[in-house]
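Colleague: Encoded as C-alpha cells, here's the structure I'll be asking about.
The values are calculated or read from the model by the stated rules, or taken from the named source; none is laboratory data. None of these values were measured; they are calculated from a predicted model. We place every Cβ from the backbone using ideal geometry, glycine too, and count neighbours over all the protein chains shown. Calculation scope for accessible area: heavy atoms of the full protein, side chains included, ligands and nucleic acids excluded. Shrake-Rupley method; radii C 1.70, N 1.55, O 1.52, S 1.80 Å.
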Amino acid sequence: MTDAAITVEGARKRYGDKHALDGLDLTVARGTVHGVLGPNGAGKTTLVRVLSTLLRPDAGRVEVASHDVVTRAYDVRRRIGLLGQHAALDEELGGQQNLEMFGRLHHLGARRARARADELLARFGLADTGRKPVSAYSGGMRRRLDLAASLITEPEVLFLDEPTTGLDPRGRAEVWSSVRTLVGGGTTVLLTTQYLEEADQLADRISVVDASRVVADGTADELKAATGGDRVDVVLRDAGQLGAALALLPLTGARVDADRRAAQRAGHRPDGGALRCRTGTGGGRSGGRGRGPAPPDPGRGLPAPHRPRRGGRMSDTAHATSYALTDSWTMTRRELARWARQPVAVAVNLAFPVMMLLMFGYLVGGGRG
C-alpha cells in the first residue's frame, strides 16, 4: 500500500492523428481532493475514462488504488466511483428507487440496498424527496443524487468529471457542499473542472492540463504565486499629489517611476483612490476554503461487492449466470416501477394492439361476408 491513490506515468491515448493524452504524468495522494484544471479538449475526460477502466491507454503505467487499470481492471472497478458530466439517473423513478436500483446492480442485496439508499438520501439532504420523480428535481438536486449513486459501495477513489457544468450558482454551491463532506471520511477525490474558483475552493492540489499533458502542478497558492501577483498602475495628473495618493492607497513597498508620476506595486488591488488601475493575473487567496472535517459516513465499512459462493467455490460460468439473473430481475423491477408511475400510458400501449387486432378481424371478417 503506497501513499498514492492514483499514479499515472507517461500515459498516452490517441484517436487517429489526435493525441488525447500525450505522455501525461499525475500523482494523487490518498485522502485528498486533487483538481485537474484545463480547457475543453485538453484531455481531462479521456484521463477519467482511462482511470475508470472505460478506455485502455495506448502506453504508459496507470494505477488506481494500487491496481493496474489494464491487468487488474475488475479490482479497480470494485474500488472506484464515477460521476460523469451527465447524470446517469432514471428520471421517471424517484430518488429512493434510483439508489436502490444501483445498490442491487452492485449486488448488495435488497435489504442492504434499501438501507444504503436511506443513508445516502439523508446524508445529501434529499430524504424528503426520495419518492419524488427525478424529473421534478432541480439541477443541483440531480447532481447530488447522482453523487449519492456513485457512493453506493463507499469507493476508495471517486472521479468527478466536471460535476457542476451547466448548474446555476446555487446548484454549484450544493454540489460543493456535498463534495466537502467526503474529505474527512478518507475518500480520494479526483475533480476535473474548467472553473478556477471550483478548483480553488475544493482542491488540496491542482494539476493544470493543456495539450494533453500536465503543464503545471501545485497548490492553489503555489500556482497563483508562480503566475505573478496583481499589479496596480496609478497615474496622477499632478506629481505633487504623489504623497497624498500613497497615503490613500493601502500599499506598502511602492515603487515610483522616473518621472515621479506613477506608483507601482505587485499586490492586492486597492479599494479606491486610483485614477487608473491595471490588474494582472494571480493574486492572493480571497478567504479560506471553509472546509472542515466531514462527519463520519454511516456506510463506512460496507463490504465491497462479492462473488456468490456455493460450497466454498463457484465456477466462472455459474458466477456469470447468477449475476445475469439477478441483474435481469433488477431491470425488470425498474420497468415495473416505471409502469406504475404511468398507468394511463401503460393502458394506452396495451389497448392499442388489442384495438388494431379487433379492427383487422372486423375488416377481414366483413370482406369475407
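Colleague: When you scan the range 21-88 for strands (runs of 3 or more DSSP E) that lie fully inside it, which ones turn up with 3 or more residues that are in contact with a Ser or Thr (Cβ under 7 Å, 6 or more places away or on another chain)?
Modeller: Numbers: elements: 33-37, 59-64, 80-83.
Per the criteria, 33-37, 80-83.
Colleague: Pick from the range 147-161 the residues that are in a helix (DSSP H, G or I) and open to solvent by 10 Å² or more (accessible area, probe 1.4 Å): which of them is modelled with the highest pLDDT? Let's see the steps before the verdict.
Modeller: Residues of the range 147-161 that are in a helix (DSSP H, G or I), as a first pass: 147-150.
Within this subset, residues satisfying the condition of being open to solvent by 10 Å² or more (accessible area, probe 1.4 Å) are 149-150.
Values: Ala149: 90, Ser150: 87.
My answer is Ala149.
Colleague: Looking at the range 124-146, which of its residues are part of a helix (DSSP H, G or I), closer than 18 Å to Leu83 by Cα and either within 18 Å of the chain's Cα centre (by Cα) or free of Cβ contacts under 8 Å to residues at least 24 places away in the same chain (or both)? Walk me through how you get there before you give the answer.
Modeller: Start the filter on the range 124-146 by keeping residues that are part of a helix (DSSP H, G or I), which leaves 127-129, 134-136, 139-146.
Right, trim to closer than 18 Å to Leu83 by Cα and you get 134, 139-146.
Passing the criteria: Gly139, Gly140, Met141, Arg142, Arg143, Arg144, Leu145, Asp146.
Colleague: Another question, then. Could you list, ordered by first residue, the pairs with Cβ atoms under 8 Å in which the first is in the range 87-105 and in contact (Cβ under 8 Å) with a residue 12 or more places away in the chain and the second is among the β-branched types (Val, Ile, Thr) and open to solvent by 40 Å² or more (accessible area, probe 1.4 Å), at least 6 apart or interchain?
Modeller: That search, which allows pairs on different chains as well, returns Arg104/Thr326.
Colleague: Would you check which residues across the range 95-118 are out of contact with any Pro (no Cβ under 6 Å at 6 or more places or on another chain) and not in a helix (DSSP H, G or I) and list them? Write out each step before concluding.
Modeller: Filtering the range 95-118 for residues out of contact with any Pro (no Cβ under 6 Å at 6 or more places or on another chain) gives 95-105, 108-118.
Across the range 95-118, the qualifying residues are Leu108, Gly109.
Colleague: Also, quick follow-up: If we only count helices (runs of 4 or more DSSP H) wholly inside the range 164-230, which ones have 3 or more residues that are open to solvent by less than 50 Å² (accessible area, probe 1.4 Å), touching a residue at least 12 places away in the same chain (Cβ under 8 Å) and over 19 Å from Gly31 (Cβ atoms)?
Modeller: Details: elements: 169-183, 196-202, 220-226.
Fully inside the range 164-230 and qualifying: 169-183.
Colleague: Filter the range 170-218 for residues that are of a type in the set (Asp, Glu) and more than 16 Å from His34 (Cβ to Cβ); which is modelled with the lowest pLDDT?
Modeller: Looking only at the range 170-218, we keep the residues that are of a type in the set (Asp, Glu), and these are 174, 197-198, 200, 204, 210, 217.
Now restrict to residues that are more than 16 Å from His34 (Cβ to Cβ): 174, 197, 210.
Working: Glu174: 82, Glu197: 88, Asp210: 90.
Ranking the candidates gives Glu174 first.
Matching residues to (1) open to solvent by less than 40 Å² (accessible area, probe 1.4 Å); (2) of a type in the set (Val, Ile, Thr); (3) touching an Asp or Glu at 6+ places or on another chain (Cβ under 6 Å):
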| site | (1), (2), (3) |
| --- | --- |
| Val33 | yes, yes, yes |
| Asn40 | no, no, no |
| Thr46 | yes, yes, no |
| Arg49 | no, no, no |
| Ala65 | yes, no, yes |
| Val70 | no, yes, no |
| Arg78 | no, no, no |
| His86 | no, no, no |
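Colleague: Now a separate question. Only one residue in Ala59, Ala110 is among the hydrophobic types (A, V, I, L, M, F, W, C), surrounded by fewer than 17 Cβ atoms within 10 Å (Cβ to Cβ) and more than 30 Å from Arg14 (Cα to Cα), so which one is that? Write out each step before concluding.
Modeller: Values: Ala59 fails: more than 30 Å from Arg14 (Cα to Cα).
Checking each option against the conditions leaves just Ala110.
Colleague: Given the conditions (1) modelled with pLDDT of 65 or more; (2) out of contact with any helix residue (DSSP H, G or I) (no Cβ under 9 Å at 6 or more places or on another chain), and given that Gly267 satisfies all but one, which numbered condition is not satisfied?
Modeller: Unmet for Gly267, out of (1) modelled with pLDDT of 65 or more; (2) out of contact with any helix residue (DSSP H, G or I) (no Cβ under 9 Å at 6 or more places or on another chain): (1).
Colleague: Just checking, which of Ala42, Ala5, Ala20, Ala29 is in contact (Cβ under 8 Å) with a residue 24 or more places away in the chain and closer than 17 Å to Arg72 by Cα? I'd like the intermediate steps shown before the answer.
Modeller: Working: Ala42 fails: closer than 17 Å to Arg72 by Cα; Ala20 fails: closer than 17 Å to Arg72 by Cα; Ala29 fails: closer than 17 Å to Arg72 by Cα.
Answer to the selection: Ala5.
Colleague: Residues of the range 14-30 being under 23 Å from Leu160 (Cβ atoms) and open to solvent by 30 Å² or more (accessible area, probe 1.4 Å), which ones?
Modeller: First, pick out the residues of the range 14-30 that are under 23 Å from Leu160 (Cβ atoms): 20-21, 24-30.
Correct list: Asp25, Thr27, Ala29, Arg30.
Colleague: Same structure again: Of all residues in the range 1-12, count the ones that are open to solvent by 30 Å² or more (accessible area, probe 1.4 Å) and in a strand (DSSP E or B). Full working, then the answer.
Modeller: Of the residues in the range 1-12, the ones open to solvent by 30 Å² or more (accessible area, probe 1.4 Å) are 1-3, 9, 12.
If we keep only those that are in a strand (DSSP E or B) too, we end up with 9, 12.
So the answer is 2.
Colleague: Taking only the range 125-136 into account, find how many residues are of a type outside the set (Val, Ile, Thr) and open to solvent by less than 10 Å² (accessible area, probe 1.4 Å). Write out each step before concluding.
Modeller: Taking the range 125-136 as the starting set, the residues that turn out to be of a type outside the set (Val, Ile, Thr) are 125-128, 130-133, 135-136.
Keeping just the survivors that are open to solvent by less than 10 Å² (accessible area, probe 1.4 Å) gives 126, 130.
Result for the range 125-136: 2.
Colleague: Asp118 fails exactly one of the following numbered conditions: (1) buried (at least 17 other Cβ atoms within 10 Å of the Cβ); (2) modelled with pLDDT of 90 or more. What is the number of that condition?
Modeller: Going through (1) buried (at least 17 other Cβ atoms within 10 Å of the Cβ); (2) modelled with pLDDT of 90 or more one by one, Asp118 breaks only (1).
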